[in-house]
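Values in this text are rule-based calculations from the coordinates and carry no lab data. Note that the structure is predicted; figures quoted are calculated from it, not measured. Here the Cβ is made from the backbone with ideal geometry for all residues, glycine too, and neighbour counts use every protein chain on show.
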Amino acid sequence: MKILVCISRTPDTTAKIAFTDNNTKFATEGVQWIINPYDEWYALVKAIELKEKDPSTIIHLINVGCIDNEPIIRKALALGGDEGIRVNSNSEDAYVISSQIAAVAAPENYDLILLGKETIDHNGSSIGGMVSEMLDLNLISLSTGFQLNDTTIEATREIEGGEEIVILETPCVITCQKGMAEARIPNMRGIMAARTKPLKIIEPIPVSPLTETMAFELPPAKAGVKLIPADQPEILIQLLKEEAKTI
Amino acid sequence: MSVLIYIEHHDGKFKKSSLEALSYGHVIAKENNMATVAFVISDGRLPVADLGKYGATKVLTYSHIGINESDSKSLASLLCEVVKKENVTWIIFSNTLTAKLIAPRLSVRLKAGLVTGATGLPTKDGVVMRSVFSGKAFSAVKLNTEIKIISVNPNAYLINESPEKPEVAELVYSTSASTIKIKERRLSPGDIPLAEAERVVSGGRGLKGPENWGMIEELAKLLGAATACSRPVADANWRPHHEHVGQTGLAISPNLYIAIGISGAIQHLAGVNRSKTIVVINKDPEAPFFKSADYGIVGDAFEVVPKLIEAIKTTHG
Ligand SMILES: Cc1cc2nc3c(=O)[nH]c(=O)nc-3n(C[C@H](O)[C@H](O)[C@H](O)COP(=O)(O)OP(=O)(O)OC[C@H]3O[C@@H](n4cnc5c(N)ncnc54)[C@H](O)[C@@H]3O)c2cc1C
Ligand SMILES: Nc1ncnc2c1ncn2[C@@H]1O[C@H](COP(=O)(O)O)[C@@H](O)[C@H]1O
């Protein structure tokens, strides 16, 4: 079994969101970078669990990004990946990123390609679907768990208004979310081992983006909270009706 | 040329978020002198002609027989055929789980730029605002392609009535056997789906235990709201996981969000800060949530919520 886990680098969940250069760039000063939580907690840990069951499993990690992303690839290696691949591109266009992942994956014949359900900065939720189309593979989106029996997968996925269980054969692409696995922290042995695990750097293939981010904007600041006395909740009802017009 | 809108339904009714997407698509169609084509997969029981009320000039209903809605490959093939036949240049989805399954695939097949989580209409140059950084910011994204795909966030665009008499075509699509088999489907009927609820009542660890959710449910029912919770509440299995909102749960954007016994951690806010009006009920006046709230009550939830329920019953009918 050969698994590719796609990992992205995102600002820590508590990072202050601000922009520079005329609101065209995310202000990175003082920002802590992490592996996108969905990729780490769910996609990667699920891959590690599969390797624990079948030690012949090989886990490759891929990140499309610049050299600054290497610490998060090393962390993923410390958690349990076997080999890291970094495609040296700064693109933020989902189509370009997906094309790079597909180009690396195509000759490797991975049995499974695991991704997070979305990046917490870009919130595109599109790369899994794009990669599956580029490789002409089946896609299980927003999966909360799956079992693998030889080449057969039984997966639970979230659908509008409920959930469903689907059955299909590998190879396929799965986007992972909560329920898939439990978050782990790397241990000392993992951290030591990660230092010598291979991290390949690949130059990107030329692809034109389909979209272009022009500028960012922060939402207007809240006017401040109106406090209502605890013993007069009818005032709240009145305000919601007449001022906020929401009930 | 035309604008295609993907329409979803639940329990025999069109989804509110789909009608929002239809209204949105109709505005684009009118501005560009295009047809507004609604696409529905239906079991034949839906009043599809009603889609004319929201601007559809044409309704394509495909029989659900033979279509596997979990198979993004065959759905994308069907949609690509429709796009060619109807000369579609804009495809509009509501940003639902279904859109997340199909839209990226279509984007690749049609080489069509995709904007997910749109919060407003495109400008003349094809620039669309979308929500990023888990609701903490917006970005303006330009679509540079001939065909453009947009998935609009629920509650971001209001339903408009703009009556048309649509031409209705009932069609059948036959695909080769799907390689994804659906073993089981569990749908919760009747409930207001959290993702598109206009009002949400949410509880946190301050409620102490699952046995105390009766008043949350009652308040929600009175307001026609869906219920939600913070992550530790779902982790402790006080509430089902699909109610968990926040950074790692569902991101919602209702018109009204009432947070009860929730501290307002940044990861929680990430999922709810797009709500139009936020009400916080917390016994700690220093709770960070008050900084993001429009209205607040400092008090014990076990006293405030029953009083609130009484007040609604008397003033609100
Ligand atoms: C990477 C990461 C991702 C995360 N993702 C999420 C997420 O998606 N969603 C999420 O919710 N959290 C998430 N968290 C957890 C988050 O940081 C907080 O720990 C969590 O939101 C706290 O939940 P809470 O407000 O219910 O509980 P607490 O923080 O314990 O707050 C309880 C609140 O209830 C109040 N209270 C107590 N008793 C009463 C009473 N009788 N009446 C009224 N008020 C009362 C208290 O004053 C307090 O403010 C994440 C954390 C991390 C690190
Ligand atoms: N630059 C990247 N390199 C590798 N994988 C990525 C990258 N960006 C996103 N992904 C993967 O794609 C998923 C969905 O991302 P998105 O479509 O941006 O929300 C993430 O959870 C990652 O698994």
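In peptide B:296-304, how many Cβ atoms from other protein chains are near each Cβ within 10 Å, on average? Can you show the working numbers first?
Working: counts 6, 9, 5, 5, 1, 0, 0, 3, 5.
The mean count of partner-chain Cβ atoms within 10 Å per residue comes to 4.
Just to confirm my numbers, what's the Cα centroid distance between the range B:92-149 and the range A:26-68 in Å?
26
Please state the relative contact order of chain B as a whole percent: Cα pairs under 8 Å, 6+ residues apart? Each step should come with its number before you reach the end.
Numbers: 666 pairs, mean separation 46.6, N = 317.
Once divided by the residue count of chain B, the mean separation gives 15 percent.
In debye to the nearest 20, how big a dipole does chain A give about its Cα centre with +1 on each Lys and Arg Cβ and -1 on each Asp and Glu Cβ?
Numbers: 22 positive and 35 negative charges, 167 e Å.
Around 800 debye, computed over chain A.
Taking H placed 1.01 Å from N in the peptide plane, check which residues at least 5 places from A:Ile85 or on another chain put their amide H under 5 Å from its amide H.
Those qualifying (amide H under 5 Å, at least 5 residues apart or on another chain) are A:Leu61, A:Ile62, A:Asn63, A:Lys200.
Taking the 0 to 90 degree range and rounding to the nearest ten, how far is the long axis of helix B:214-223 tilted relative to the main principal axis of chain B, both from C-alpha atoms?
50
What residue among A:Gly179, A:Gly84, A:Gly128 has the largest mean-square fluctuation in a Gaussian network model of chain A, using Cα springs under 10 Å?
Maximum fluctuation in the GNM of chain A, among the listed residues, is at A:Gly179.
In the range B:166-257, which trypsin sites (Lys or Arg not before Pro) are in a loop and have at most 14 other Cβ atoms within 10 Å, using DSSP for the loop call?
Working: sites: B:Lys181, B:Lys183, B:Arg185, B:Arg186, B:Arg199, B:Arg205, B:Lys208, B:Lys221; in loops: B:Lys208.
Those satisfying the criteria are B:Lys208.
Counting only GluC sites (Glu not before Pro) that sit in a DSSP loop (anything but H, G, I, E, B) with at most 15 other Cβ atoms within 10 Å, what is the longest stretch of chain B containing none of them?
Values: sites that count: B:Glu146, B:Glu161, B:Glu286.
Looking at chain B, B:1-145 is the longest stretch - no exposed GluC sites (Glu not before Pro) with at most 15 other Cβ atoms within 10 Å.
Tell me, what is the FRET efficiency for B:Lys291 and B:Thr315 to the nearest 0.05, using R0 = 30 angstrom and their Cβ-Cβ distance as r?
On the way: r = 29 Å, r/R0 = 0.95.
With R0 = 30 Å, the Cβ-Cβ based efficiency is 0.55.
Can you tally the net charge around B:Ala177? Count Lys and Arg as +1, Asp and Glu as -1, for every other residue whose Cβ sits under 14 Å from the Cβ of B:Ala177.
On the way: positive: B:Lys73, B:Lys181; negative: A:Glu169, B:Asp71.
Once all neighbours under 14 Å are counted, the net charge is 0.
Could you identify which residue out of B:Ala21, B:Ala169, B:Ala56 has the top mean-square fluctuation in a GNM of chain B using Cα springs shorter than 10 Å?
B:Ala169
Which whole-number percent gives the relative contact order of the range A:63-196, counting Cα pairs below 8 Å spaced six or more residues apart? Spell out each step's value before the answer.
On the way: 212 pairs, mean separation 36.4, N = 134.
With pairs under 8 Å counted, the relative contact order is 27 percent.
What is the set of long-range amide H partners of B:Ala228 at a cut-off below 5 Å, with H atoms built 1.01 Å from backbone N?
B:Val201, B:Ser202, B:Gly203
In the range A:156-247, which trypsin sites (Lys or Arg not before Pro) are in a loop and have at most 13 other Cβ atoms within 10 Å, using DSSP for the loop call? Before the final figure, lay out each step's value.
Numbers: sites: A:Arg157, A:Lys178, A:Arg184, A:Arg189, A:Arg195, A:Lys200, A:Lys222, A:Lys226, A:Lys241, A:Lys245; in loops: A:Lys178, A:Arg184, A:Lys222, A:Lys245.
Within the range A:156-247, the qualifying trypsin sites (Lys or Arg not before Pro) (loop, at most 13 other Cβ atoms within 10 Å) are A:Lys222, A:Lys245.
Can you give the angle from 0 to 90° between the axis of helix A:70-79 and the longest principal axis of chain A, with both taken from C-alpha atoms, to the nearest 10?
Its long axis makes an angle of about 70 degrees.
Rank A:Pro219, A:Pro186, A:Pro37 by mean-square fluctuation in a GNM of chain A with C-alpha springs under 10 angstrom and give only the top-ranked residue.
Of A:Pro219, A:Pro186, A:Pro37, the Gaussian network model singles out A:Pro219 as fluctuating most.
Net charge within 9 Å of A:Ala244 by Cβ-Cβ distance, Lys/Arg positive one each and Asp/Glu negative one each, not counting A:Ala244 itself?
Details: positive: A:Lys241, A:Lys245, B:Lys276; negative: A:Glu242, A:Glu243, B:Asp294.
That works out to 0.
How large, in Å, is the protein assembly as shown by the Kirkwood hydrodynamic radius built from its alpha-carbon pairs? Kindly include the intermediate steps, with their values, before the conclusion.
Values: mean 1/r = 0.0409 Å⁻¹.
For the protein assembly as shown, the Kirkwood estimate is 24.4 Å.
Given the pairs B:Lys148/B:Lys276; A:Lys178/B:Lys84; B:Lys85/B:Lys148; A:Lys222/B:Lys221; B:Lys16/B:Lys111, which span a C-alpha to C-alpha distance of over 26 angstrom in this model? Don't jump to the answer; show the numbers that get you there.
Working: B:Lys148/B:Lys276 28 Å; A:Lys178/B:Lys84 38 Å; B:Lys85/B:Lys148 16 Å; A:Lys222/B:Lys221 28 Å; B:Lys16/B:Lys111 29 Å.
Among B:Lys148/B:Lys276; A:Lys178/B:Lys84; B:Lys85/B:Lys148; A:Lys222/B:Lys221; B:Lys16/B:Lys111, the Cα-Cα distance tops 26 Å for B:Lys148/B:Lys276; A:Lys178/B:Lys84; A:Lys222/B:Lys221; B:Lys16/B:Lys111.
With contacts defined as alpha carbon pairs under 8 Å and 6 or more residues apart, what's the relative contact order of chain A in percent? Kindly include the intermediate steps, with their values, before the conclusion.
Values: 463 pairs, mean separation 58.8, N = 247.
Averaging sequence separation for qualifying contacts and normalising by length gives 24 percent for chain A.
Where in the range B:226-264 does the amide nitrogen come within less than 11 Å of the point 7 Å from the Cα of B:Asp284, taken along Cα to Cβ?
Inside the label zone: B:262-264.
Taking a ≥ b ≥ c as the square roots of the Cα gyration tensor eigenvalues, with a/c under 1.5 meaning rounded and otherwise prolate when a/b beats b/c, else oblate, which class fits the range B:194-316? Let's see the in-between values first.
Details: a/c = 1.23, a/b = 1.22, b/c = 1.01.
Judged from the Cα gyration tensor, the range B:194-316 comes out rounded (a/c under 1.5).
Computed on alpha carbon atoms, what radius of gyration and Dmax characterise chain B, expressed in Å?
Looking at chain B, its Cα Rg and Dmax stand at 21.1, 61 Å.
Read phi for every residue in the range B:295-312 and hand back ³J(HN,Hα) as whole Hz from Karplus 6.51 cos²θ - 1.76 cosθ + 1.60, θ = phi - 60°, with x for Gly and Pro.
Taking θ as phi minus 60°, the curve returns 10, x, 10, 8, x, 6, 4, 6, 9, 5, 5, x, 5, 5, 4, 4, 4, 5 Hz for the range B:295-312.
Given the C-alpha centroids of the range B:15-56 and the range B:252-296, what is the distance between them in whole angstrom?
The distance from the Cα centre of the range B:15-56 to that of the range B:252-296 comes to 34 Å.
Hey, got the average number of other protein chain Cβ atoms within 10 angstrom for residues in B:307-315?
Numbers: counts 6, 5, 1, 2, 7, 6, 0, 2, 5.
The mean count of partner-chain Cβ atoms within 10 Å per residue comes to 4.
Determine the shielding of peptide A:87-100 by partner chains: average, over its residues, the number of Cβ atoms on other chains within 10 angstrom of each Cβ.
Values: counts 0, 0, 0, 0, 0, 1, 4, 7, 8, 0, 0, 3, 1, 0.
So the per-residue partner count for this stretch is 2.
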